[in-house]
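Following: one structure in structure tokens, then a few remarks.
The values are calculated or read from the model by the stated rules, or taken from the named source; none is laboratory data. Quick caveat: nothing in here was measured; it's all calculated off a predicted structure. Counting neighbours? That spans all protein chains shown, and the Cβs are built from the backbone with ideal geometry, glycine included. For accessibility, only protein heavy atoms count, side chains too; no ligands or nucleic acids. Shrake-Rupley method; radii C 1.70, N 1.55, O 1.52, S 1.80 Å.
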Amino acid sequence: MRLVTFMHQGSATLGIVRGETVAPAPGQTMLGLIAAGPSALEALRGLTGPAVPLAGAQLLAPIPEPRRNI
């Protein structure tokens with residue numbers, strides 16, 4: 001499973017890349033997913049809903065606002 005952060009409906013959104021599309025995970029962020037642990041990742045595997053073309057998605061940094069600089 002490949003995860004991305006991309007602009008969707010005007011905000012940074014976590015998405016799952018499936019082939020040539022990205023399925024948005026509304027209300028989720030990469031930091032939120034990391035904090036929630038493996039159970040949240042498993043819940044994303046069953047995500048259904050409309051997807052957007054990957055070619056038209058504006059990809060962002062995976063973690064747009066990291067908790068610390070490294």
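Points to keep in mind about this one:
- The listed residue being touching a residue at least 24 places away in the same chain (Cβ under 8 Å) and more than 11 Å from the chain's Cα centre (by Cα), out of P53, P24: P53
- Residue count for region 51-65, restricted to those that are within 13 Å of P24 (Cα to Cα), touching a Ser or Thr at 6+ places or on another chain (Cβ under 8 Å) and open to solvent by 60 Å² or more (accessible area, probe 1.4 Å): 2
- Residue count, region 18-34 (criterion: loosely packed, with under 11 Cβ neighbours inside 10 Å and at pLDDT 90 or above): 2
- Failed criterion for I63 (all others in (1) touching a Pro at 6+ places or on another chain (Cβ under 7 Å); (2) in a loop (DSSP other than H, G, I, E, B) hold): (1)
- Test: G37 is modelled with pLDDT of 90 or more and either in contact with a Cys (Cβ under 9 Å, 6 or more places away or on another chain) or open to solvent by 50 Å² or more (accessible area, probe 1.4 Å) (or both): no
- Matching option when the condition is in a helix (DSSP H, G or I), within 17 Å of A61 (Cβ to Cβ) and touching a strand residue (DSSP E or B) at 6+ places or on another chain (Cβ under 8 Å), among L44, L14, L33: L33
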